[in-house]
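None of the figures in this text is laboratory data; all of them are computed from the coordinates on show. Computed from a predicted structure; not experimentally measured. Note: ideal-geometry Cβ built from the backbone for every residue, glycine included; neighbour counts use all protein chains shown.
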Ligand code: TYM
């Protein structure tokens, strides 16, 4: 059974159940979570409160949460070695989020690129949750006094804001929060859409050919990689200009842990067709065992429930301590 070890650093990270997980989520974040489990206190969450900033169909949302819980276990999140809870089960998050929103400036939140992007994309539903979302994310992190936050590059700005809020709060009230650092992998930090290399690969993209979902079948994977945009050069060479071929090289590098120069050498005499076949092969090889384990876990709902309940209890116990300290420091009357 998992226990916090005071001699180890603490990792916190979360993913939203906003659609099916993509290869971008896996290579940018989840793959690194798994590697931390032996040497750090790991606390992971399905950030379902964040997801309702965009309208959700209740039945689909409900089913997706449990499916993603199973999928994370299939990816290697091990409830014996880490806490893996569902955010809405732990009420301290919403409570600290409100408090932190009173220490976060309108101007800071207005500068968040994710807010700007999402308010363009969902122009009929620019709700205040979408705007204050970074306060909830800061609460997630600060409640656990986390040292390191493994994320993809798109979350860097939110982690910087979390640090600013924590420093501001500590300056006012003393040493309440630990100041966290991001951990962004070299390869895989920014996996782009297969159809438009200017955009990140996203689980909420309407064009299914733009992403590889972790549960895509081998046929679909081959088809999507074949359709991935490249150019007419037919040279497996990194341009550093955010092109389609750069994205494919990045994906291959992250899957194989090979350096870009090694990949360029490996495919010196190959065309894009050969390179794409090799990428599909590697993706299928990586996802196949995950898919098999997913099929096992999703049929064992009781096992999933035991784990998310146990994790929620542990998360509440840890986070309540921080929340109590915060409330006391501000001057709230304790019960
Ligand atoms: P979310 O659910 O959009 O993404 C989850 C994780 O996957 C990374 N990621 C990517 N990495 C590389 N390439 C991509 N195309 C790609 N797309 C997504 C993200 O950077 C992230 O690490 N707000 C967060 C969830 C969250 C959170 C937190 C994260 C809530 N609270 C506290 C860290 C700490 C989000 O929407 O991630």
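Of the listed requirements (1) surrounded by 16 or more Cβ atoms within 10 Å (Cβ to Cβ); (2) within 30 Å of residue 305 (Cβ to Cβ); (3) within 14 Å of the ligand (Cβ to nearest atom), residue 76 misses just one: (3). One residue stands out among those in the stretch 1-22 that are assigned to a loop (DSSP other than H, G, I, E, B) and within 30 Å of residue 210 (Cα to Cα): the one that is farthest from the ligand (Cβ to nearest atom), which is 20.
If a residue has to be under 20 Å from residue 91 (Cβ atoms) and in contact (Cβ under 8 Å) with a residue 60 or more places away in the chain to count, how many in the stretch 105-142 make the cut?
Step one: filter the stretch 105-142 for residues under 20 Å from residue 91 (Cβ atoms), giving 128-129, 132-142.
Still in the running and in contact (Cβ under 8 Å) with a residue 60 or more places away in the chain: 129, 133, 136-137, 140-142.
Result for the stretch 105-142: 7.
Condition check ((1) within 14 Å of residue 151 (Cβ to Cβ); (2) in contact (Cβ under 8 Å) with a residue 12 or more places away in the chain; (3) away from the ligand (no atom under 11 Å from the Cβ); (4) crowded, with 22+ Cβ neighbours inside 10 Å) across all residues:
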{"site": "24", "(1), (2), (3), (4)": "yes, yes, no, yes"}
{"site": "29", "(1), (2), (3), (4)": "yes, yes, no, yes"}
{"site": "39", "(1), (2), (3), (4)": "no, yes, yes, no"}
{"site": "46", "(1), (2), (3), (4)": "no, yes, no, yes"}
{"site": "50", "(1), (2), (3), (4)": "yes, yes, no, yes"}
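Could you tell me which of the residues 249, 263 is without any contact (Cβ under 8 Å) to a residue 24 or more places away in the chain, farther than 30 Å from residue 172 by Cα and crowded, with 19+ Cβ neighbours inside 10 Å? If you could, list the steps in order and put the result at the bottom.
Working: 263 fails: without any contact (Cβ under 8 Å) to a residue 24 or more places away in the chain.
Every option except 249 fails the conditions.
Residues being within 15 Å of the ligand (Cβ to nearest atom) and out of contact with any helix residue (DSSP H, G or I) (no Cβ under 6 Å at 6 or more places or on another chain) are represented in the stretch 166-180 by at least one member. The requirement of being assigned to a helix (DSSP H, G or I) and more than 12 Å from the ligand (Cβ to nearest atom) is fulfilled somewhere in the stretch 131-152, by at least one residue.
Summed over the stretch 212-259, the residues that are closer than 30 Å to residue 64 by Cα and assigned to a loop (DSSP other than H, G, I, E, B) give a count of 7.
Among what's in the stretch 186-204 and is in contact with a strand residue (DSSP E or B) (Cβ under 8 Å, 6 or more places away or on another chain) and part of a loop (DSSP other than H, G, I, E, B), pick the residue that is farthest from the ligand (Cβ to nearest atom). Please lay out each step first, then the result.
In the first step, residues of the stretch 186-204 are kept if they are in contact with a strand residue (DSSP E or B) (Cβ under 8 Å, 6 or more places away or on another chain); the result is 190-193, 198-203.
From what is left, the residues that are part of a loop (DSSP other than H, G, I, E, B) are 190-191, 193, 198-199, 201-203.
Details: 190: 5, 191: 4, 193: 8, 198: 12, 199: 9, 201: 4, 202: 6, 203: 7 Å.
Once the filter is applied, the top-ranked residue is 198.
If you filter the stretch 112-130 down to residues that are part of a loop (DSSP other than H, G, I, E, B) and within 15 Å of the ligand (Cβ to nearest atom), you find that the one that is surrounded by the most Cβ atoms within 10 Å (Cβ to Cβ) is 112.
Assigned to a helix (DSSP H, G or I), in contact with a helix residue (DSSP H, G or I) (Cβ under 7 Å, 6 or more places away or on another chain) and within 12 Å of the ligand (Cβ to nearest atom), is that true of residue 109? Let's see the steps before the verdict.
Numbers: assigned to a helix (DSSP H, G or I): yes; in contact with a helix residue (DSSP H, G or I) (Cβ under 7 Å, 6 or more places away or on another chain): yes; within 12 Å of the ligand (Cβ to nearest atom): no.
The answer is no for residue 109.
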